[in-house]
1. Tally up the residues in the stretch 24-65 that are without any contact (Cβ under 8 Å) to a residue 40 or more places away in the chain, more than 10 Å from the ligand (Cβ to nearest atom) and in contact with a helix residue (DSSP H, G or I) (Cβ under 7 Å, 6 or more places away or on another chain), please.
2. Just for the stretch 98-143: of the residues that are assigned to a helix (DSSP H, G or I) and within 9 Å of the ligand (Cβ to nearest atom), which one is surrounded by the fewest Cβ atoms within 10 Å (Cβ to Cβ)?
3. Mind listing whichever residues of the stretch 150-180 are surrounded by fewer than 24 Cβ atoms within 10 Å (Cβ to Cβ) and at pLDDT below 95?
4. Among the candidates 68, 160, 93, which residue alone is within 14 Å of the ligand (Cβ to nearest atom), closer than 24 Å to residue 183 by Cβ and in contact (Cβ under 8 Å) with a residue 40 or more places away in the chain?
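The values are calculated or read from the model by the stated rules, or taken from the named source; none is laboratory data. Owing to the predicted nature of the structure, the values given are computational and were not obtained by experimental measurement. Cβ placement follows ideal geometry from the backbone for every residue including glycine, while neighbour counts extend to all protein chains displayed.
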Ligand code: SAH
């Protein structure tokens, strides 16, 4: 992919960011031939469904420069690495349970000359670890789990006053109804929802949860319990 192709689709970014996204697209496509990271491999799919979709979070990030952001279940780096490219001063932590994806992310960050903390493990285990619990201004997640479980994975990581941004497809509305109780039990409050379409017309929904009080030490529970018996 060329810098110009990125610039045409995502022209609000500066040149360095466009160059980095072009490198990202090529490296993802190449690596994906030996290790399965994403089903979306055509240039337009990468530009819109991965890059544009991730960048839609930018207006929801606080303006302060050095905010801490954790991307839970980042996979091949979405939305976390794309946000870092747009805002290189972010203090980014990528949390991912699958080791092969971390190896990709490590090589990717080296190619992009950007740095982030890489954490191999499950978010709910990090949420019980003092080094991660209630440490982040923003926690993001895209395509990781249904919202009631996802809230228990993610909200314990958010500082009081911080935000959890859940990127969902159009079914997000029903999920939100089923998640109200879980969000409240975990110290969160639904602060807003946004519906929008990507430039190819695909509908998306973003759920914004504000952390209003500390999460009880009861949460997050062990993984099988979260899955079997969502709050
Ligand atoms: N966010 C990326 C990847 C989605 S696939 C994207 O939108 O393209 C979901 C990823 O989340 C997988 O890589 C899986 O290993 C990871 N994952 C699922 N549950 C997790 C958890 N509880 N903690 C950390 N990673 C998790």
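1. Total satisfying the criteria: 3.
2. In this case the residue turns out to be 125.
3. 168, 169, 170, 171, 172, 173, 174, 175, 176, 177, 178, 180
4. 93
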